[in-house]
Amino acid sequence: METTGSRLLLSALEAHGIDAVFGYPGGAIMPFYDALPQSGLTHYLVRHEQGAAFAAGAYARTTGRLGVCVATSGPGATNLVTGLLDAMMDSAPVLAITGQVRSALMGTDGFQEADVVGITSSCTKHNALVSRAVEIPVAIERAIRIATSGRPGPVLVDITTDALKERLTWEGPLCQAAERPRVSQDTHDVDLKVQATEAIAALARAERPVIIVGGGTRIANVIQEFRRFAALIGAPVVATITGLGTADPGDSRYLGMFGMHGHKGANLAVTRADCMLALGMRFDDRVTGDVGKFGRNATIIHCDIDPTEIGKIIPVDVPIVGDLHETIAALTQVAEVATMPSYESWLAEVAMLRRPLPPARHENDELSATDVLDALSAMMEPGTVVTTDVGQHQMWMAQRVRLESSRDFLTSAGLGAMGFGLPAAVGAQVARPNDPVIAVVGDGGFQMTMHELATIRRYELPVKIVVIDNRHLGMVRQWQELFYERRIVATDLYDNPEFCTLASAYGIRSARVERAEDLHRALSEMLESDSAYLLHCACFPTENCFPMVPAGRHIDEMLERTPA
């Protein structure tokens, strides 16, 4: 068929089932936008390329499908970098398509030229430069396969503008069949059965086992399979921040999040465990604390699809490399015929370790951020998607949220990128138009990407936005108070704007709440709104997030209040 590089690109995306893209136009990518109206893709115009990458990452996290973002050359492409690195750290399958200056200009420092492949080499699983239209389908095919296979992650295809404009006759396929694995399935099944048997034997020998769920359980979408397995084993369960929602929130053996700001009972259970079964987690420093002390008296069973994570940080006794669907199925099959202990004394001990979250510290009867998030968590309907920025509100929400699915809580965990919450809510609402989506954002992070209010308004997305305004960069201020002798520098946001006025300027309903007695009514009004709504919560500025494990300390060395 007679076509152009741009039309071939769009046809290739459609052939792979892509129906939504987030992007921002510019000169080098203009041929793509010129052909876009003739395609079946829906384009969502963001107001900054970083928002496109965050939205695509959220789309992927909450559906398991590939998220796609588009930008032009030079600054357009470089503005994607933070979002791509976020997707890399949290293993979200994202395809970035960028325009590049025409081939003849490359290497001349032409207008808006940048070495996009070089710049993004460390924040993508794979990237490629395409300078001929005929190469586009194969490049897209390969990029999507890499993004969505194994441990998922971001990929980038940089296409010169002359390749996008080039006319050609295309007779080849737009989407190839997936390659068959070369490893013998029989051998793989035998090895997995042996490893699963060894793992279950270690759990059966243990007196104080703990199961840890990480973000890999979300990626593999094994919620029901995991809950069945956990009930079969009967051991306490804890989660990393990206594993929240995998365990049954109503299970008495589920202790919540562990790590730097984890629940005290979860941290103490992990510390006292003599056996840990870690599923799809990477032993990040925010959960291990002092690596030299973590799990020093425990048998470690580590299950992950990425072999490079096994033993990278924590020595492992029983490694199991593979897809968690297969791994949990094998573990379940072995456990069903094994004789497992009841762990009665351990469960009784764990029950005694449970502690309520430290109470909020009120000053001058001002509203507490934790009051807001406690009430919000209690009022949210099942199936609500929550996105957050990064900081105190992120940890407070992670401590409190009760989730039915691990795809219902979206946060920048590994990278910790401020500004994630609002564009992530855009991507989540596009992906799941019939589910409630709430962005819980801080006053600092919100101002980094608040221009995406325009995107919410344009596409009439019914996103609810809760702005926790404590007039500070709260987490940094907390560290300054606790570890820098109360030298508060560059964290006071006393000159915050009127957030309701901003919302009104974008045509979005809003309200302000500053008294606890008005909180329930304000939250109800927001949650009942059929359209987008911003609730400005004016909270007192010195509330700290506890428990807290100081950096480099062991996870049982928790601060639970501000030292006098």
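What follows draws every value from the coordinates through simple rules; no lab data is involved. Quantities reported herein were computed from a predicted structural model and do not represent experimental measurements. Counting neighbours? That spans all protein chains shown, and the Cβs are built from the backbone with ideal geometry, glycine included.
Given q = 0.10, 0.11, 0.17 Å⁻¹, what are the Debye log10 I(q)/I(0) values for the range 2-169, with equal point scatterers placed on the Cα positions and solvent ignored?
Those come out to -0.30, -0.36, -0.92, one per q.
Residues with amide H under 5 Å of Asn127's amide H, sequence separation 5 or more or different chain, H placed in the peptide plane at 1.01 Å from N; which?
When sequence neighbours closer than 5 places are left aside, the close amide H contacts are Leu156.
Through the Karplus equation 6.51 cos²θ - 1.76 cosθ + 1.60, θ set to phi - 60°, convert the phi angles of the range 475-485 into ³J(HN,Hα) values in whole Hz; use x for Gly and Pro.
Here the 3J(HN,Hα) series is 5, 5, 4, 4, 5, 4, 5, 7, 10, 10, 6 Hz.
Could you give me the ³J(HN,Hα) list for the range 315-331, computed from phi with Karplus coefficients 6.51, -1.76, 1.60 and θ = phi - 60°, whole Hz, x at Gly and Pro?
Values, residue by residue: x, 10, 8, 10, x, 9, 9, x, 5, 5, 4, 5, 5, 5, 4, 5, 4 Hz.
Tell me, in nm to one decimal, what length is gained between Glu498 and Asp556 on full extension, where the rule is 0.36 nm per residue of separation less the Cα-Cα distance?
On the way: separation 58, 0.36 × 58 = 20.88 nm, distance 4.10 nm.
The Glu498-Asp556 span can extend by a further 16.8 nm.
Stretched out fully, how many nm does the piece from Leu168 to Glu336 gain, at 0.36 nm a residue minus the Cα gap?
Computed gain between Leu168 and Glu336 is 54.6 nm.
Among 106-112, 88-94, 373-379, 311-317, what's the highest-first ranking by average C-beta atoms within 10 angstrom per residue? Intermediate values should be presented prior to the final figure.
Values: 106-112: 12.4, 88-94: 26.1, 373-379: 17.4, 311-317: 15.3.
Per-residue Cβ counts within 10 Å, averaged per peptide and sorted highest first, yield 88-94, 373-379, 311-317, 106-112.
Using r as the Cβ-Cβ distance of Thr42 and Ala516, and R0 as 41 Å, what FRET efficiency do you calculate, to the nearest 0.05? Can you show the working numbers first?
Values: r = 42 Å, r/R0 = 1.03.
Taking R0 as 41 Å, the efficiency between Thr42 and Ala516 is 0.45.
Report the calculated FRET efficiency for Arg355 and Arg145 (r = Cβ-Cβ distance, R0 = 41 Å), to the nearest 0.05. Please list the in-between numbers first.
Working: r = 47 Å, r/R0 = 1.14.
Efficiency at R0 = 41 Å is approximately 0.30.
Given Cβ point charges of +1 (Lys, Arg) and -1 (Asp, Glu) and nothing else, what value in debye, to the nearest 20, does the dipole of the chain about its Cα centre take?
With Lys and Arg at +1 and Asp and Glu at -1, about 360 debye.
Which peptide among 330-343, 197-210 comes first, and what is the full order, when sorted by highest mean count of other Cβ atoms within 10 Å? Walk me through the numbers on the way to the answer.
On the way: 330-343: 16.0, 197-210: 19.6.
The most tightly packed comes first, giving 197-210, 330-343.
Which whole-number percent of Cα pairs in the chain have a distance greater than 44 Å? Mind dumping the intermediate values first?
Numbers: 31769 of 158766 pairs.
Tail of P(r) above 44 Å: 20 percent of Cα pairs.
Among the aspartates and glutamates, which fall within straight-line cross-link reach of Lys193, defined as a Cα-Cα distance under 14 Å, with same-chain neighbours fewer than 8 residues apart omitted?
Straight-line reach from Lys193, under 14 Å: Asp323, Glu326, Glu336.
May I ask for the distance between the Cα centers of the range 515-564 and the range 34-89, given as a whole number of Å?
The two parts, judged by their Cα centres, are 30 Å apart.
Once you put a point 7 Å from the Cα of Ala490 and another 7 Å from the Cα of Ser252, both along the Cβ direction, what distance in nm separates them?
Using points 7 Å along Cα→Cβ, the separation is 5.1 nm.
R0 = 30 Å: FRET efficiency of Asp285 with Arg205, Cβ-based, nearest 0.05? Mind dumping the intermediate values first?
Details: r = 29 Å, r/R0 = 0.97.
Computed FRET efficiency for Asp285 and Arg205: 0.55.
Using modelled backbone amide H atoms (1.01 Å from N, in-plane), which distant-in-sequence or interchain residues come within less than 5 Å of Ser510's amide H?
Leu534
So who's got an amide H within less than 5 Å of the one on Val466, skipping anything under 5 residues away but keeping other chains? H placed 1.01 Å off N, in plane.
Amide H to amide H, under 5 Å and 5 or more residues apart or across chains, Val466 pairs with Ala439, Val440, Val441, Leu535.
With a point put 7 Å past each Cα toward its Cβ, work out how far Asp115 is from Ala348 in nm, to one decimal.
6.6
Can you tell me what share of the DSSP beta bridges in the chain is antiparallel? A percent to the nearest 5 is fine.
Values: 6 of 71 bridges.
If we restrict to bridges inside the chain, about 10 percent are antiparallel.
So which lysines can Lys125 reach, going by Cα to Cα under 22 Å and dropping same-chain residues fewer than 8 places off?
Lys312
In whole angstrom, note down how far apart the Cα centers of the range 372-400 and the range 426-499 are.
If you average the Cα positions of each part, the centres end up 13 Å apart.
Explain nothing, just compute: Karplus ³J(HN,Hα) = 6.51 cos²θ - 1.76 cosθ + 1.60, θ = phi - 60°, for every residue of the range 7-24 in order, whole Hz, x for Gly and Pro.
5, 5, 4, 5, 5, 5, 4, 4, 4, 8, x, 6, 10, 9, 9, 10, x, 8
If you build the convex hull over the alpha carbons only and average its shadow over all orientations, what do you get for the range 369-538? Give it in nm² to one decimal.
Approximately 9.5 nm², given one-decimal rounding.
Rounded to two decimals, what is Rg over Rh for the range 185-353 when you use alpha-carbon atoms and the Kirkwood radius? Mind dumping the intermediate values first?
Values: Rg = 14.4 Å, Rh = 15.6 Å.
In the range 185-353, Rg relative to Rh is 0.92.
Can you give the % of DSSP beta bridges in the range 2-169 that are antiparallel, to the nearest 5? It would help to have the intermediate numbers written out before the result.
Working: 3 of 26 bridges.
The answer is about 10 percent antiparallel.
Sort Arg471, Arg65 by Cβ crowding within 10 Å, fewest neighbours at the top. Each step should come with its number before you reach the end.
Working: Arg471 19, Arg65 16.
If I rank by nearby Cβ atoms, fewest first, I get Arg65, Arg471.
When Cys123, Cys539, Cys175 are ordered from fewest to most other Cβ atoms inside 10 Å of their Cβ, what list results? Intermediate results must be reported in sequence, preceding the final value.
Values: Cys123 22, Cys539 26, Cys175 16.
Going from sparsest to densest Cβ surroundings: Cys175, Cys123, Cys539.
Using Cα positions and a limit of under 24 Å, work out the lysines in reach of Lys264, with same-chain residues fewer than 8 apart set aside.
Partners within reach: Lys293.
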